[in-house]
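The values are calculated or read from the model by the stated rules, or taken from the named source; none is laboratory data. Note that this is a predicted model, so its numbers are computed, not measured. Here the Cβ positions follow ideal geometry from the backbone for every residue, glycine too, while neighbour counts run over all protein chains shown. Side chains are part of the model used for accessible areas, which takes the heavy atoms of the whole protein and leaves out ligands, DNA and RNA. Shrake-Rupley method; radii C 1.70, N 1.55, O 1.52, S 1.80 Å.
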Amino acid sequence: MPSLHNISDKVAFALVSFFLGELGDGLNIFQGIYLVALGWNEGSVGIALSMMGFTALLTQTVAGDIIDKTTFDRRKFLSVAALMTAFSASAILFVKEGNGDHAMMYVTKVIEGISSSFIGPCVAALTLATFGPDTFDEVMASNILWGHVGSIASAVLAGLTAWMTYPNIRYCFLVIGFSALLAVFGVKLLPEGDVLMGRGLKGTHTSENVAVHSGDDGNNVSDYVNMEAEGSTTSPPESRKIAVTEDQQIASYSEIFSDRKTVVLCLTGFFFHFANANVLLVLGELMGGENEDGSTKRIAIPLIAGAIVLAQFTMSGATYAGDKMTKGGWGRKPLFLAGLLTLPIRCFLIIFWKDAGEAYLLSTQILDGLGGGFFGLLHPYLVADITFGTGRFNVVMGLTASCFGLGGTLSNLLGQMVVEHFGHVASLTGSLFLSIIPIVLFSLAMPETAGSRGKNT
């Protein structure tokens, strides 16, 4: 379909974000429910799901640094990462009934953690490289919005597939593989943009609100990675059409990692995800329940799909509203705090309504959507505010994602252990108290960053 190559860059990014959204973490919840149905205990499920997070913790910062300094086409990184994520996530199809096949699941989760670590930095870098810092927020908001829509489509398809093929619900995981193939096809439509600007340096069109094209098909490889040697950039080949001024300086790792704003964002995200990640899994266990023979009820997967759809639908609305509010002059801080405040309310309501029925429990996902929507939208905004001009945009995207992932991993691991030994209410109560920490930390220690972008040089 040659006409697809004539679509705008913003639409191309939206398409790719949609298909990548279908690879999202929502299907990890389905995997947890499915493994319990096969005979795994909650502790083993928590370990399996946490392996991806632990691996991502170790690799995301490195992945961001690689994306910053690479001479390899970032679009090819993105394609390979999407395929590896899909193949590893689909390995659950081969897990046999009983509390076994742990090694296979652990290995595939490690692979999934490595490959997924490159997806976020690649999309963010390509967006910044193509549109520049002035239009970055608008296009990233669109990317995030369509990623949420993709997650909705994924959850709906997986839920319908599980319902139609019950009790062989494993076939719902085929949604991942199909989505990855479509994502790889879509990546071919993306421009490479200004390579230096993709790492957070001033490029040829930094101040223009227009897309930046490299003018090639991605096969020309630039050689500009000697930036680290003397703290400045060297001019890349003319074929890349990138203007690099002599005074551009690359900030040291210690300088950017010790920045107060970077530290506060990392700690806030860690505690938020530490409190939040296990809540959906506990909610699914409360709503789904078991048949008398111990097998998972047929309604369990559709209920989880409904929970994900409701949350992602609300996230889409929160992303759209947040984008409009930031354009209207709202600062980052009040919107980010609004997202953080939803978590303790959500935990309290789940505990209060635990015996009130599925409809009440499902409605708490609206709060999850509001919190996740504002958090997901403002994360790249904050990182761009903190790092643009330092040349460390993607490495800080990776560092913050690692901290968030560590929190989520510990949440799944420890949260499911608490469920196994003390019950669901104890696990939710722990999440409620932990959720207060990021609110206090961010409100007291984080300055407003709106309007600071480009002042880091």
**Q.** Heavy-atom accessible area per residue - segment 324-457, 1.4 Å, Å²
**A.** 38 Å²
(Q) On a full-extension model of 0.36 nm per residue, what is the gain between Tyr253 and Val62, subtracting their alpha-carbon distance, rounded to one decimal in nm? (A) 67.6 nm
Q.
Projecting each Cα onto the charge dipole of segment 51-191 (Lys/Arg +1, Asp/Glu -1 at the beta carbon, about the Cα centre), which of Val107, Gly64, Gly120 comes out farthest on the positive side?
A. Val107
Q. Can you list the HN-Hα couplings for segment 438-450, worked out from phi with the Karplus curve (6.51, -1.76, 1.60; θ = phi - 60°), rounded to whole Hz and with x for Gly and Pro?
A. x, 5, 5, 4, 5, 5, 8, 10, 9, x, 6, 10, 4
Q) Which distance in nm do the two modelled labels at Phe72 and Val11 give, with both placed 7 Å along the Cα-to-Cβ direction? A) 3.2 nm
Q | For segment 379-457 and segment 331-354, distance of Cα centres in Å | A | 14 Å
Q. Residue by residue, what Karplus-based ³J(HN,Hα) values in Hz, rounded to whole numbers, does segment 40-54 have, using 6.51, -1.76 and 1.60 with θ = phi - 60° and x for Gly and Pro?
A. 6, 7, 4, x, 5, 5, x, 5, 4, 5, 7, 4, 4, x, 5
Q. Could you give the nm distance between label points at Leu93 and Val263, where each point is 7 Å from its Cα heading toward the beta carbon?
A. 4.9 nm
Q: Work out, step by step, the length gained on full extension between Tyr360 and Phe185: first 0.36 nm times the residue separation, then minus their alpha carbon distance; give nm to one decimal.
A: 59.0 nm
Q: Note down the magnitude of the dipole of segment 347-457 about its Cα centre, charges +1 on Lys and Arg C-beta and -1 on Asp and Glu C-beta and zero elsewhere, to the nearest 20 debye.
A: 440 debye
(Q) With a 1.4 Å probe and all protein chains kept in place, how much accessible area does Lys324 have, in Å² rounded to the nearest 10? (A) 100 Å²
Q) In nm, to one decimal, how far is the modelled label at Tyr106 from the one at Asn168, with both set 7 Å along Cα→Cβ? A) 3.0 nm
Q: Could you tell me what percent of the accessible area of segment 112-209 is made up of carbon and sulfur, with a 1.4 Å probe and every protein chain present?
A: 68 percent
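So for segment 343-405, averaging the separation of alpha carbon pairs under 8 Å that are six or more residues apart and normalising by length, what relative contact order in percent results?
Numbers: 22 pairs, mean separation 15.0, N = 63.
Relative CO of segment 343-405 lands at 24 percent.
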